[in-house]
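J.: Below you'll find the structure I mean.
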Amino acid sequence: MRTVSKRALIKMIGLSAMSVAVLTACGKKEEAAAPAPAPAAAAPAAGKLKIGYVYVSPIGDGGWTFQHELGRKAIQEKFGDKIETSMVESVPESADAERVMRDMAGQGNKLIFATSFGYQEFVQKVAGDLKDVNFEHATGYKTADNVAVYDTKTFEGAYLAGIVAGAMTKTRTVGVVASVPIPEVVRNINSFVLGAQSIDPSIKAKVVWVNEWFAPPKESEAATSLINGGVDVMYQNTNSPAVLKTAEERGVRAFGKDGDMSAFAPKAHLGSAVIDWTPYYTKVVEDKLAGKWQTGNFWWGVKEGAIDLKKIADDVPQEIKDKVAKARDGMKDGSFAVWTGPIKDNTGKELLAAGAKADDAFLRGINFYVNGIEGTVPGAK
Ligand code: GUN
């Protein structure tokens, strides 16, 4: 197991001090200088499968990247000296990502996990040149012979959190601090609100976009503006515990997302929608070691143990915990789907008729707000 320090990164890939600053300024979208020529490839450790992880934000101690890191550590532990994993954190979704992936391949990595949506074009470009490396792109939709995409049904976790939110809001107004406006995030916002409305259909919701995955001060400001607007229970699709911390300071309630964030806000925390990437990472490494890696589009949810609402707060009534358990069981055995009609958008247009279940194509294209959410999705017609 190997982690890469900033200094080692400078040496390895010839970054200037300025581009390292760009590299470490997580979430920033600036284009970096043209990639430096790749250094000579280091010889891979004999017999070991080398695996690289590219992270968009710092690992931190909770959240999206932290959960990927737990998955990386879990496979390192499980496969022992059959594999050697490494990671680079805080890699912006820019030409820096391309440079880091080319360098990983140059270092002998034959399996590369690119763990943020915005890496998509860079994965495609590098994978097109390096056919002997297999790429796994989290949350993307473009595959190739050597590129698979994978995701977690985070919207199922958002719905379970919504059930709790619907019971705990006193203002009947819930809110979401949203990151980057892509269908995944819009789907999560809507699913959270649908969960809340399963308790009280009159619940309203507000959304504030920060347009970044990881930007704690902005996340905090967005949370503050939601609270000032009457929101008393918040969800977020950003990567840090800033929303929960703000909730704690302001005496309202919020959820952790991606990782268990309960420790950051003991009073505010209502539950954490926790992703577990380990089952998927284990499968991929097993396939690769067995020479059976193949491309595909994998989307695992509650049923596969990839997501769940954990650590529900003690003051949530038992009747509501039972409703969460019932929905979770339904997701597991297939008897319940979050996106079952009737579902209308916030202009009153019916998008799913009563009893109709959304298919994956519908789910992957969601770019509207459901009834009860204020405003419009950025960029939607
Ligand atoms: N990169 C960092 N966080 C996320 C996330 O929640 N979803 C996607 N698609 N990419 C991310």
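The values are calculated or read from the model by the stated rules, or taken from the named source; none is laboratory data. Not measured: the values here are computed from a predicted model. Backbone-built Cβ (ideal geometry, glycine too); neighbour counts: all protein chains shown. For accessibility, only protein heavy atoms count, side chains too; no ligands or nucleic acids. Shrake-Rupley method; radii C 1.70, N 1.55, O 1.52, S 1.80 Å.
J.: Out of (1) in contact with a Lys or Arg (Cβ under 8 Å, 6 or more places away or on another chain); (2) within 14 Å of the ligand (Cβ to nearest atom); (3) charged (D, E, K, R), what's the single condition that is false for Glu248?
T.: (2)
J.: Suppose we filter Ala165, Ala178 for residues that are within 13 Å of the ligand (Cβ to nearest atom), in contact (Cβ under 8 Å) with a residue 12 or more places away in the chain, aliphatic (A, V, I, L, M) and open to solvent by less than 10 Å² (accessible area, probe 1.4 Å); which single one remains?
T.: Step by step, each of Ala165, Ala178 is checked, and only Ala178 is within 13 Å of the ligand (Cβ to nearest atom), in contact (Cβ under 8 Å) with a residue 12 or more places away in the chain, aliphatic (A, V, I, L, M) and open to solvent by less than 10 Å² (accessible area, probe 1.4 Å).
J.: Taking the residues in the range 41-60 that are open to solvent by 10 Å² or more (accessible area, probe 1.4 Å) and under 15 Å from the mean Cα position of the chain (by Cα) as candidates, determine which candidate is modelled with the lowest pLDDT.
T.: Residue satisfying both the conditions and the ranking: Gly60.
J.: Tally up the residues in the range 262-278 that are touching a Lys or Arg at 6+ places or on another chain (Cβ under 9 Å) and either within 15 Å of the ligand (Cβ to nearest atom) or farther than 18 Å from Ala165 by Cα (or both), please.
T.: Final tally of qualifying residues: 7.
J.: Restricting attention to the range 181-219, and to residues there that are small (Gly, Ala, Ser) and surrounded by fewer than 21 Cβ atoms within 10 Å (Cβ to Cβ), which single residue is farthest from Val274 (Cα to Cα)?
T.: Among residues in the range 181-219 that are small (Gly, Ala, Ser) and surrounded by fewer than 21 Cβ atoms within 10 Å (Cβ to Cβ), the one farthest from Val274 (Cα to Cα) is Ser202.
J.: OK, next. Do you know which residues across the range 352-370 are touching a helix residue (DSSP H, G or I) at 6+ places or on another chain (Cβ under 8 Å) and either within 20 Å of Lys206 (Cα to Cα) or open to solvent by 40 Å² or more (accessible area, probe 1.4 Å) (or both)?
T.: Within the range 352-370, Arg364, Gly365, Ile366, Asn367, Phe368, Tyr369, Val370 meet the criteria.
J.: Pairs under 8 Å by beta carbon, first residue without any contact (Cβ under 8 Å) to a residue 24 or more places away in the chain in the range 265-277, partner open to solvent by 10 Å² or more (accessible area, probe 1.4 Å) and of a type in the set (A, V, I, L, M, F, W, C), six or more apart or different chains?
T.: Here the result reads none, with nothing in the range 265-277 linked to a residue that is open to solvent by 10 Å² or more (accessible area, probe 1.4 Å) and of a type in the set (A, V, I, L, M, F, W, C).
J.: Hey, any hits in the range 122-135 for a residue that's in contact (Cβ under 8 Å) with a residue 60 or more places away in the chain and either touching a Cys at 6+ places or on another chain (Cβ under 9 Å) or within 14 Å of the ligand (Cβ to nearest atom) (or both)?
T.: no
J.: Follow-up question, since we're still on this one. Scanning the range 142-162 for residues that are within 13 Å of the chain's Cα centre (by Cα) and β-branched (Val, Ile, Thr), which turns out surrounded by the most Cβ atoms within 10 Å (Cβ to Cβ)?
T.: Thr152
J.: Keeping to the range 211-245, report how many residues are closer than 23 Å to Gly375 by Cβ, assigned to a helix (DSSP H, G or I) and either away from the ligand (no atom under 16 Å from the Cβ) or small (Gly, Ala, Ser) (or both).
T.: 11
J.: Could you pull out every one of the strands (runs of 3 or more DSSP E) wholly within the range 74-148 that has 3 or more residues that are at pLDDT 95 or above and within 22 Å of Phe298 (Cα to Cα)?
T.: In the range 74-148, the matching strands (runs of 3 or more DSSP E) lie at 111-114, 134-138.
J.: Are there any pairs, at least 6 apart or on different chains, whose C-beta atoms fall under 6 Å, with the first in the range 46-73 and within 16 Å of the ligand (Cβ to nearest atom) and the second open to solvent by 30 Å² or more (accessible area, probe 1.4 Å) and charged (D, E, K, R), and if so, which?
T.: Listed by first residue and then by second, the contacts come to Tyr55/Glu89; Pro58/Glu89; Ile59/Glu89.
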